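Contents: one structure, followed by commentary.
The values are calculated or read from the model by the stated rules, or taken from the named source; none is laboratory data. Please read all numbers here as calculations on a predicted model, not as lab measurements. A quick note on method: Cβ atoms are made from the backbone with ideal geometry, for glycine too, and the neighbour counts reach across all protein chains shown.
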Amino acid sequence: MLKLFNTSFRNPVFLASGVFGFGLKYKRVTNSVGAFFTKGVTLEPRKGNPPPRIYETPSGLINWVGLENPGVEVFCTHVLPQLKKLRTKIFVNVAGSYLNDYERIINMIGNEVDGFELNISCPNVEKGGAAFGQDAHVAASIVARVRKCTTRPLIVKLTPNFCDPREIARGCVDAGADGISLINTVYALAYDVHKKQPLIKGGLSGPAIKPFALFCVNRVKDCGVPVIGMGGIMSGQDAYEFLLAGASAVAVGSAVLRDPYAPLQIIKELKGFMGKPR
């Protein structure tokens, strides 16, 4: 049993946002992990990006799926009642194009879930396309505004792109964040050599980013709140390395795209490492 945010979790292996939909298809897996983070929920419905959406790379993949989701209103009326029947902790990943999107979404969901994960890696429409999470002041502003809307745990998901995650983490914690999750995907690009033009531009995930993810987790470990580490976790040993780096828990992402039941094996393998001195 793990205690974080004054809440008990059955184990430190969580399901990362975006890879498992709303967790309703493979309920055995969802009900076995410590917590489930939903796909990103936005104010209005989004269709996501046109194909190609996923491109395999050495030891990883580039995704450009986009924040495909039915919007918060449909989420509250149709999805949330089903999520509440699951036997795990539910955190809703909240994404916005404008600063006040986060407040509006969380106010609509209310206290019906165990917590929220603020995705501040979305394009900042009001600032010329820069990511919210690359600016410590903007990131802190979002957290401060949302903090007034809920007493539920607030976890901020950080981008590793073109910024120091420690600076962003400190700003978010000072503004009221209860936890930090990182890393989100790393900017990536693949070319079609025949057409001599980009094939896909998106975010790199998978084992290829694990060393960088470990570095980032270790860099923010002293920010004063629990850290949820993610980035290329494919085995129990990978998960344990993140705990050694300073994470309190881990989130599994790309591994489930290859095997939806991967978290079950990771939980089993991690138990074998947990008794060893850290």
Taking segment 166-212, which residues are over 29 Å from Val13 (Cα atoms) and hydrophobic (A, V, I, L, M, F, W, C)?
Leu189, Ala190, Val193, Leu199, Ile200
Report the residue count in segment 104-123 for those that are within 18 Å of the chain's Cα centre (by Cα) and not in a helix (DSSP H, G or I).
11
Filter result for the condition that a residue is modelled with pLDDT under 95, out of contact with any strand residue (DSSP E or B) (no Cβ under 6 Å at 6 or more places or on another chain) and among the acidic types (Asp, Glu), over Glu112, Glu126:
Glu126
Could you identify the single residue in Gly40, Gly60, Gly96 that is within 24 Å of Met234 (Cα to Cα) and within 15 Å of the chain's Cα centre (by Cα)?
Gly40
Would segment 55-66 turn up any residue that is among the polar types (S, T, N, Q), surrounded by 15 or more Cβ atoms within 10 Å (Cβ to Cβ) and within 28 Å of Phe9 (Cα to Cα)?
no
Residue match in segment 210-217 (condition: of a type in the set (D, E, K, R) and farther than 22 Å from Gly253 by Cα):
no
Residue set Leu243, Leu257; condition surrounded by 15 or more Cβ atoms within 10 Å (Cβ to Cβ), under 26 Å from Gly176 (Cα atoms) and in contact with a strand residue (DSSP E or B) (Cβ under 8 Å, 6 or more places away or on another chain); output residue Leu243
Give just the number: which of (1) in contact with a Leu (Cβ under 9 Å, 6 or more places away or on another chain); (2) buried (at least 22 other Cβ atoms within 10 Å of the Cβ) does Ala16 not satisfy?
(1)
Need the failing condition index for Ala140 against (1) within 30 Å of Thr57 (Cα to Cα); (2) surrounded by fewer than 24 Cβ atoms within 10 Å (Cβ to Cβ); (3) among the hydrophobic types (A, V, I, L, M, F, W, C), just the number.
(1)
Search result, residues across segment 148-172 that are crowded, with 16+ Cβ neighbours inside 10 Å, hydrophobic (A, V, I, L, M, F, W, C) and over 30 Å from Gly110 (Cβ atoms):
Cys163
Testing Arg53 on (1) in contact with a strand residue (DSSP E or B) (Cβ under 9 Å, 6 or more places away or on another chain); (2) closer than 19 Å to Lys157 by Cβ, one condition comes back false. Which one is that?
(2)
If a residue counts only when it is among the hydroxyl-bearing types (Ser, Thr, Tyr), which strands (runs of 3 or more DSSP E) contained entirely in segment 14-103 have at least 2 such residues?
54-57
Any chance segment 38-51 includes a residue that's surrounded by 15 or more Cβ atoms within 10 Å (Cβ to Cβ) and small (Gly, Ala, Ser)?
yes
